[in-house]
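Below is one structure, written out as structure tokens, with a few remarks after it.
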Amino acid sequence: MKMTRTLLKNGTIVNFDRTERADVVIEGEKIVFVGAGYPEENSDVVIDASQKLLFPGGIDVHTHMELPLAGTFSHDTFSSGSLAALHGGTTTIIDFAMQSPGGSLKQALDTWHHKASGQAVCDYSFHLGVVDLHASVLSEIPNLIEREGISSFKAFTAYRDIMLSGPDLKLLMSALSDRGGLLCLHCEDGLPIEKNIKANIAAGKLHPRFHALSRPADLERTAIAHIAKIAKEVGHQPYVVHLSSADGLREIEKIRNEGQFIHAETCPQYLLLDESLYTENALESAKFVLSPPLRPKSHQNDLWRGLKNGLIHVIATDHCPFTLKQKSRGLADFSKIPNGLPGVENRMELMYGKGVLESHLSLNQFVDAIAAAPAKIFGMFPQKGNIGPGSDADIVIFDPTQKQVISAAHHHMNCDYSAYEGMEITGRCEKVFLRGHLVIDKGVSLVKEGFGSFIKRKACANIF
Ligand code: URP
Ligand code: ZN
Ligand code: ZN
């Protein structure tokens, strides 16, 4: 059967390492040509991209669809959350498949495959969240990396029931290093946080803002120092998820200056939102209860600087939405509020509008942070995160002039509030291609349920 050949004509193509005006030709699921002057008569479909930017499809390596948490589930399914991702130009997500205490990693993987398969409309993979390093867990790792295509894992230094001890982190990092596996780490120092939570509750300090006050930025710093020390002992180059503070960044800078490599990710909420959102209004505050919490505004410039100078490599969302009703469970006791906020749909447009247009990032740094670096670190490059011959035709045709106001009234995430409600931004994903298929066209979805493919990943790569 003859494959359709689509010509994206004369757009400005932005990759992590170059910007060029050129034609892109898609045949079937792949990009087959990038260059000047492709003949229109050789194409079945021609799209004029002359006023547009072309970005590789976004890769959000930190989402939580249908995550069981605090007696409920995060409110996006793979079906709704992945469609929202596509609307926002993200064509691949990596979600966290969480081990149950006492259970195997393979059981967790099977459970998450079941949630996503036939549902997801964008491409997807999983990190394996390790919460209980019982006797057989380490022996599962070779099979997961070599046969299942799961090359990244996550562990926590916080959350009483699921955090791993220092010796367990050491065993895990060491087992992963041997096989090209990567350990992602939630870095907050769990024991002092638990003490703070208990003390606040005992003192009757139950308002949602005490969630943030129980988790000061210095405890992100100490957790990073802790995991870096272990990583150094076993020669692992770990990945810090959702870096939120200037304190944490300074620790990473110190570690890097001492010659140790450590990857880091931050999220739009830490770059654009701040602790002033923890107001007297309990429900308003509960919307922004997440871990780590929002920090003082003064931290934001440091995080932007970290992105610009290569201390932070990736912008992901930590998309973990809960409705106002779910958030309300904890209005009288902050420790019962399910942690997290929606964001998978907003990342690319926010980071263009607030990152590139406000001169925090160059266009190439933007593409690196939202697509290329995630693909490289997590073993998907150049299949994903790249506009070049041979890569999957995951492409966003982006209108850099269109203005919009973010609102829950028209977003596609299954959540009745937006963390960025009312924010005005310039730039919009106009057309989104996933593996050569036009899946979003001017806000209209053209994708069939279950179109997303599971991406078997290669070993993770160090990008230093
Ligand atoms: O508050 C958050 N971030 N919820 C999701 C779980 C996590 O720690 O990433
Ligand atoms: Zn986390
Ligand atoms: Zn998370």
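Given the condition crowded, with 16+ Cβ neighbours inside 10 Å, away from ligand 3 (no atom under 16 Å from the Cβ) and of a type outside the set (D, E, K, R), answer yes or no: does some residue in region 62-71 qualify? No, region 62-71 contains no residue that is crowded, with 16+ Cβ neighbours inside 10 Å, away from ligand 3 (no atom under 16 Å from the Cβ) and of a type outside the set (D, E, K, R). In the set (1) touching a residue at least 40 places away in the same chain (Cβ under 8 Å); (2) in contact with a His (Cβ under 9 Å, 6 or more places away or on another chain), the condition left unmet by ASP274 is number (1). There is no residue in region 32-47 that is modelled with pLDDT of 95 or more, closer than 24 Å to SER151 by Cβ and away from ligand 3 (no atom under 16 Å from the Cβ).
If you go through region 226-247 and keep only what is within 23 Å of the chain's Cα centre (by Cα) and either part of a helix (DSSP H, G or I) or more than 16 Å from ligand 1 (Cβ to nearest atom) (or both), you end up with ILE227, ALA228, ALA231, HIS236, GLN237, ALA246, ASP247.
For LYS376, the conditions (1) closer than 16 Å to HIS313 by Cα; (2) more than 18 Å from the chain's Cα centre (by Cα); (3) of a type in the set (Lys, Arg) all hold with the exception of (2). Considering region 184-199, and only residues there that are under 30 Å from CYS460 (Cα atoms) and either at pLDDT below 95 or not in a loop (DSSP other than H, G, I, E, B) (or both), the residue that is nearest to ligand 3 (Cβ to nearest atom) turns out to be HIS186.
If you go through region 319-329 one residue at a time, do you hit one that is under 30 Å from ARG250 (Cβ atoms), within 15 Å of ligand 1 (Cβ to nearest atom) and either at pLDDT 95 or above or touching a Gly at 6+ places or on another chain (Cβ under 9 Å) (or both)?
The answer is yes, given that some residue of region 319-329 is under 30 Å from ARG250 (Cβ atoms), within 15 Å of ligand 1 (Cβ to nearest atom) and either at pLDDT 95 or above or touching a Gly at 6+ places or on another chain (Cβ under 9 Å) (or both).
Once region 31-47 is narrowed to residues that are in contact (Cβ under 8 Å) with a residue 60 or more places away in the chain and closer than 15 Å to LEU438 by Cβ, the residue that is surrounded by the fewest Cβ atoms within 10 Å (Cβ to Cβ) is ILE47. Going through (1) away from ligand 2 (no atom under 16 Å from the Cβ); (2) buried (at least 24 other Cβ atoms within 10 Å of the Cβ) one by one, PHE210 falls short only on (2). Among the residues of this structure, ASP318 does not count as one that is in contact with a Lys or Arg (Cβ under 6 Å, 6 or more places away or on another chain) and crowded, with 22+ Cβ neighbours inside 10 Å.
One residue stands out among those in region 327-373 that are outside any loop (DSSP other than H, G, I, E, B) and within 16 Å of ligand 3 (Cβ to nearest atom): the one that is farthest from the chain's Cα centre (by Cα), which is LEU341.
Each residue in region 200-223 was checked for being within 16 Å of ligand 3 (Cβ to nearest atom) and either assigned to a helix (DSSP H, G or I) or more than 21 Å from LEU164 (Cα to Cα) (or both), and 3 pass. For THR19, the stated conditions hold: it is out of contact with any Pro (no Cβ under 9 Å at 6 or more places or on another chain), in contact (Cβ under 8 Å) with a residue 40 or more places away in the chain and among the β-branched types (Val, Ile, Thr). Of the residues making up region 414-432, those that are of a type outside the set (D, E, K, R) and touching a residue at least 24 places away in the same chain (Cβ under 8 Å) are ASN414, CYS415, TYR417, SER418, ALA419, TYR420, MET423, ILE425, THR426, GLY427, CYS429, VAL432. Of all the listed residues (SER177, SER151), the sole one being away from ligand 1 (no atom under 16 Å from the Cβ) and surrounded by fewer than 23 Cβ atoms within 10 Å (Cβ to Cβ) is SER177. Of the residues making up region 248-270, those that are away from ligand 1 (no atom under 16 Å from the Cβ) and touching a Ser or Thr at 6+ places or on another chain (Cβ under 9 Å) number 2. The test for being at pLDDT 95 or above, surrounded by fewer than 22 Cβ atoms within 10 Å (Cβ to Cβ) and within 15 Å of ligand 2 (Cβ to nearest atom) holds for LEU164. All of (1) within 16 Å of ligand 3 (Cβ to nearest atom); (2) closer than 26 Å to GLN326 by Cβ hold for TYR239 with one exception: (2).
When LEU133, LEU128 are screened for being hydrophobic (A, V, I, L, M, F, W, C), within 19 Å of the chain's Cα centre (by Cα) and more than 13 Å from ligand 1 (Cβ to nearest atom), only LEU128 passes.
For LEU277, the criteria (1) away from ligand 1 (no atom under 15 Å from the Cβ); (2) surrounded by fewer than 19 Cβ atoms within 10 Å (Cβ to Cβ) hold in every case but one, which is (1). Among the criteria (1) of a type in the set (Phe, Trp, Tyr); (2) farther than 19 Å from ILE13 by Cα; (3) part of a strand (DSSP E or B), the one PHE398 does not fulfil is (2).
Given the options LEU69, LEU83, LEU7, LEU54, name the one that is closer than 30 Å to GLU449 by Cβ and within 16 Å of ligand 2 (Cβ to nearest atom).
LEU69
Scanning region 438-457 for residues that are surrounded by 13 or more Cβ atoms within 10 Å (Cβ to Cβ), assigned to a loop (DSSP other than H, G, I, E, B) and not β-branched (Val, Ile, Thr) yields LEU446, GLY450, PHE451, GLY452, SER453, LYS456, ARG457.
The values are calculated or read from the model by the stated rules, or taken from the named source; none is laboratory data. Bear in mind the structure is a predicted one, so any value in this text is a computation, not a measurement. Using ideal geometry, Cβ is built from the backbone for each residue, glycine included, and neighbour counts are taken over all protein chains shown.
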